[in-house]
Amino acid sequence: MGVTVADVEIVILPSLDEAGETVAARIAGLVTAKPDTVLGLATGSSPLPLYRALRQRVQQGLDLGGVRGFALDEYIGLPRGDERSYAATIDREVTRPLGLDPARVHVPDGAAADLPAAAAEYEAAIRAAGGVDLQILGIGTLGHLGFNEPGSSLASRTRVKTLTEQTRQDNARFFSNVEETPAHCLTQGLGTILEARALVLFASGEAKAAAVAAAVEGGVSARYPASVLQLHPHVTLYLDEAAAGRLELAEYYRYTYAHKPAWQRDT
Ligand code: F6R
């Protein structure tokens, strides 16, 4: 186990497949040390290389049956069991392929009659699990983390949010059209996400480049919710070349990663 150096680390790679391997190896290390490791789970396209790499390890014998999981967010307005809900997505893309125990995987209840109560229960469940060991993240085109859209309090907890038109357009690919894409969600807050012991964020493609640059090279501001990452002591951003395309200090980040001492590695 390497020495953990408190920092925001930026890793630029030709493709996120390699990042998926790296983080899968890190998760394997965590689970070996603590079989009931608590993972924070993201939906969307960005973490798929990680889930693929983990699946390969599971096929080779890694046992994730004791792992506990908490999803970041869920739509409001979809019936329970809807295949487009994040509960169904996590079940299909994470829980089943990775052999997680469905009883240990939690998703905010966007179909609850009392949404504030469901939000409070979700926070309590994360606390009762002892907090998240490793939170997996993507980033929105406008800089959201979870579904914390611009204007989110940097101290926010799990709650109802209204999705931006941009997010609805980005996610319309999972629905028939934008109008059918839910406008509201239950999401972990930025304050909730910051309490995870470590964060890993995946971003690929040019569409994410502005949000990534604002997150790590701009000021900390609710205008770009992902800029709250700068307040966390142990964050790794895995970016492909296109997502890193607007970083002023890209060369420095490349040098730093290429010369990272062995004792500084996470696994
Ligand atoms: C997903 C989530 C979102 C996504 C983000 C990026 O649970 O909370 O923040 O991570 O919208 O989505 P993709 O990866 O599909 O580009």
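The values are calculated or read from the model by the stated rules, or taken from the named source; none is laboratory data. Keep in mind that what you see is a predicted model, and the values were worked out from it rather than measured. Cβ: placed from backbone, ideal geometry, glycine included. Neighbour counts: every protein chain shown. When the accessible area is computed, the model is the full protein with side chains, heavy atoms only, and any ligands, DNA or RNA have been set aside. Shrake-Rupley method; radii C 1.70, N 1.55, O 1.52, S 1.80 Å.
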message: Given the condition of a type in the set (A, V, I, L, M, F, W, C), more than 22 Å from LEU16 (Cβ to Cβ) and within 13 Å of the ligand (Cβ to nearest atom), answer yes or no: does some residue in segment 188-211 qualify?
response: yes
- request: Just give me the residues in segment 55-75 being within 16 Å of the ligand (Cβ to nearest atom), outside any loop (DSSP other than H, G, I, E, B) and in contact (Cβ under 8 Å) with a residue 40 or more places away in the chain, in sequence order.
  value: PHE70, ASP73, GLU74, TYR75
- request: Mind listing just one residue for me: the one in segment 32-47 that is out of contact with any Lys or Arg (no Cβ under 7 Å at 6 or more places or on another chain) and surrounded by fewer than 18 Cβ atoms within 10 Å (Cβ to Cβ) and, of those, nearest to ILE136 (Cα to Cα)?
  value: SER45
query: Out of curiosity, is ALA213 of a type in the set (Gly, Ala, Ser) and under 22 Å from THR89 (Cα atoms)?
result: no
Looking only at segment 111-146, and only at residues there that are out of contact with any helix residue (DSSP H, G or I) (no Cβ under 7 Å at 6 or more places or on another chain) and under 15 Å from THR43 (Cα atoms), the one that is least open to solvent (accessible area, probe 1.4 Å): LEU137
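Looking only at segment 85-98, which residues are assigned to a loop (DSSP other than H, G, I, E, B) and open to solvent by 40 Å² or more (accessible area, probe 1.4 Å)? Can you show your working first?
Applying the first criterion (assigned to a loop (DSSP other than H, G, I, E, B)) to segment 85-98 yields 85, 96-98.
Across segment 85-98, the qualifying residue is only ARG96.
Is it fair to say GLN188 is open to solvent by 50 Å² or more (accessible area, probe 1.4 Å) and not β-branched (Val, Ile, Thr)? Spell out how you get there, then give the answer.
Details: open to solvent by 50 Å² or more (accessible area, probe 1.4 Å): no; not β-branched (Val, Ile, Thr): yes.
No: the conditions fail for GLN188.
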- line: Across (1) touching a residue at least 12 places away in the same chain (Cβ under 8 Å); (2) within 16 Å of the ligand (Cβ to nearest atom); (3) surrounded by fewer than 16 Cβ atoms within 10 Å (Cβ to Cβ), GLY29 clears everything bar (2)
- line: ALA155 vs (1) surrounded by 14 or more Cβ atoms within 10 Å (Cβ to Cβ); (2) touching a Leu at 6+ places or on another chain (Cβ under 8 Å): all pass except (1)
query: How many residues, within segment 150-176, are away from the ligand (no atom under 12 Å from the Cβ), polar (S, T, N, Q) and more than 15 Å from LEU78 (Cβ to Cβ)?
result: 4
statement: Residue set ALA226, ALA214, ALA244; condition part of a loop (DSSP other than H, G, I, E, B) and touching a strand residue (DSSP E or B) at 6+ places or on another chain (Cβ under 6 Å); output residue ALA244
